[in-house]
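For reference, the structure is listed below as C-alpha cells.
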Amino acid sequence: MKRRSVIGPAALAMATALLFGAATAAQEEEPSPGLQQLGNDLFAELLFNNQGTGFAIACSVCHAIGESVPGKPERYYADHTPTSLTANRETTERNAQTLADASRAEVFGWDGAYDSMEDMILDKLVGKQYGWSDEDRDAGMDNATYVLLNEGHNAISGVPYLDQFQEVYGLDLESLPRPEVAAAAARALADYTRTLSYTMTARWDAFAEQNRFRKQPNDGEDMLNYAASIESRIFNQEGRNLIRRPEGFTETAYEGFKTFFRAFDVESVGNCVRCHVPPTFSDYALHGTGAGDFKTPPLRNLARTDPYLHDGSAATLEDAIRAHMALAEAADSEQEGVDPLFGEINISDADIEPLVLFLQMLEEVGPDNFRHYLINFE
C-alpha cells in the first residue's frame with residue numbers, strides 16, 4: 001500500500017531528524033507540564049484550518065473529550081457523528097477513532113495509510129480535513145507556519161507558541177525552514193497524543209485481578225495459546241466455585257466474557273480475542289472486510305465512542321456484533337477480501353446480549369472509583 005506524505009521525503013526526513021531526539025525524551029519520561037500545555041493548545045487550535053471556509057476545525061472538534069457539546073453524550077476522544085465534517089463542510093469517509101493508546105499501532109489511520117503518527121497529523125493540518133485541497137497544500141503549510149510564528153498564542157494558555165516550542169523542544173521556530181515549522185507542530189501533537197492512554201480501571205480489570213486471569217498475553221504469545229490459558233483458568237475457577245464478579249458484572253455479562261474469549265468449541269465461539277487483544281482489546285492490525293482492509297479498533301469505553309466500525313455504520317453494539325456475524329458468513333463462503341479469521345466466529349442471536357453486556361464491562365471508571373469494584377462483589 002502506498003503511504004501518504006504531505007511534504008517531500010527529504011524535507012520530512014530532515015524535519016523528523018531535527019526533532020527526533022527531543023521527542024524521544026518526551027515519550028520515555030512522564031509528560032512534562034510544558035508538553036501537556038503545548039499539546040492542549042495545538043489540539044484546540046482553530047486557526048490551522050482554511051479561514052475562507054467559514055467553518056472552524058480543530059483536533060478537538062472530531063476527537064472530543066468529556067461533555068464537550070451541551071446535550072450530547074460524553075465522548076472519549078471521539079466524534080458524535082458516524083463520519084466527521086471537514087472545514088469545507090464535506091463528510092469524511094471514516095469514523096473518528098478514539099486517540100487513547102493510538103500510539104501502540106505500527107501504522108496509522110483506519111486503513112493504515114500512514115507510517116507514522118506525525119505524517120498522519122501533518123496530512124490533516126494541511127489537507128482536506130482542514131479545508132485545504134490538494135492544490136492548496138502549500139498554502140496550508142504557509143498558514144500553519146504563520147499561525148505558529150505570528151498569531152502568537154492560543155487562547156487556552158495565553159503562552160506564545162514560540163516560547164512553548166523553545167521550552168519543550170529547545171527549538172527556535174523562527175530559524176526553521178517552512179516545512180520544519182509545520183512538522184514541529186505535527187511532532188508536538190504526536191507526542192501529546194502519545195500521552196493519551198486508557199486508565200485500565202474497568203470492571204473487567206477488577207474481574208481479572210480478582211480471579212487471577214492474565215490481563216494480556218505475554219510478548220510474542222500466540223493468541224490461541226492465550227485464549228486456551230483463559231479457558232483453562234475458567235474451568236479451574238468454576239470447578240472450585242471460586243469465580244468472583246465485581247459489582248455490576250452480572251452472570252449474563254460473565255457468559256459474554258466466556259464467549260468473547262472462547263476459541264475452541266462448537267457454539268458460542270466469539271473468537272473475539274484473536275483480534276481484540278487485551279489490554280486495549282486491539283491487535284492494531286489490518287483485517288480484510290470485503291470493503292477494504294481496516295485496523296482493529298480498541299474496545300474500551302465504547303459507550304463514549306459510538307457509533308462504530310470504520311464508517312460509523314453501526315449505531316449500537318448489537319449492530320456491530322451483527323456486522324461481525326455477517327463477516328463470518330462472508331468468510332465461510334470465501335468472499336474475496338474477507339479475512340478468513342472472521343470465519344472462526346460461531347455465534348447466534350442468543351450470544352448478542354451477553355457479548356454486549358461484557359463489552360460494557362470495559363467501561364473505565366477512573367482510578368478513584370476503581371477500588372470500589374475490587375472490594376465489592378455480586
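Tabulated data for the structure shown
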| read-out | value |
| --- | --- |
| Residue selected from segment 147-175 under the condition modelled with pLDDT under 95 and assigned to a loop (DSSP other than H, G, I, E, B), by the criterion surrounded by the most Cβ atoms within 10 Å (Cβ to Cβ) | N154 |
| Residues satisfying the stated conditions in segment 93-132, i.e. without any contact (Cβ under 8 Å) to a residue 40 or more places away in the chain and in a loop (DSSP other than H, G, I, E, B) | A96 |
| Candidates A183, A144, A139, filtered to the one that is over 26 Å from G66 (Cα atoms) and surrounded by fewer than 19 Cβ atoms within 10 Å (Cβ to Cβ) | A139 |
| Counted residues, segment 353-375 - those being free of Cβ contacts under 8 Å to residues at least 40 places away in the same chain and over 24 Å from the mean Cα position of the chain (by Cα) | 2 |
| Meets criteria (within 26 Å of the chain's Cα centre (by Cα) and in the same structural domain as E106 (by TED's automatic domain parsing)) for A208 | no |
| Every residue from segment 308-318 that is surrounded by 15 or more Cβ atoms within 10 Å (Cβ to Cβ) and either over 20 Å from the mean Cα position of the chain (by Cα) or in a helix (DSSP H, G or I) (or both) | L317 |
| Among residues of segment 324-351, those that are over 24 Å from F257 (Cβ atoms) and charged (D, E, K, R), counted | 4 |
| Residue that is assigned to a loop (DSSP other than H, G, I, E, B), within 23 Å of the chain's Cα centre (by Cα) and among the aromatic types (F, W, Y), where the choices are F249, F264, F281, F260 | F281 |
| Which listed residue, of A188, A228, is in the same structural domain as Y76 (by TED's automatic domain parsing) and assigned to a helix (DSSP H, G or I) | A188 |
| So H287, is it part of a loop (DSSP other than H, G, I, E, B) and under 18 Å from the mean Cα position of the chain (by Cα) | no |
| Qualifying residue in segment 193-209 (condition: under 18 Å from S60 (Cβ atoms), buried (at least 20 other Cβ atoms within 10 Å of the Cβ) and touching an Asp or Glu at 6+ places or on another chain (Cβ under 7 Å)) | no |
| Pair list, Cβ under 7 Å, 6 or more apart: segment 281-298 residue polar (S, T, N, Q), other residue in a strand (DSSP E or B) | T289/V338; T296/H287 |
| Check on D332, touching a residue at least 24 places away in the same chain (Cβ under 8 Å), surrounded by 11 or more Cβ atoms within 10 Å (Cβ to Cβ) and of a type in the set (D, E) | no |
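The values are calculated or read from the model by the stated rules, or taken from the named source; none is laboratory data. Computed from a predicted model, the values in this text were never measured in an experiment. Cβ coordinates were reconstructed from backbone atoms using ideal geometry, including for glycine residues, and neighbour counts include every protein chain displayed.
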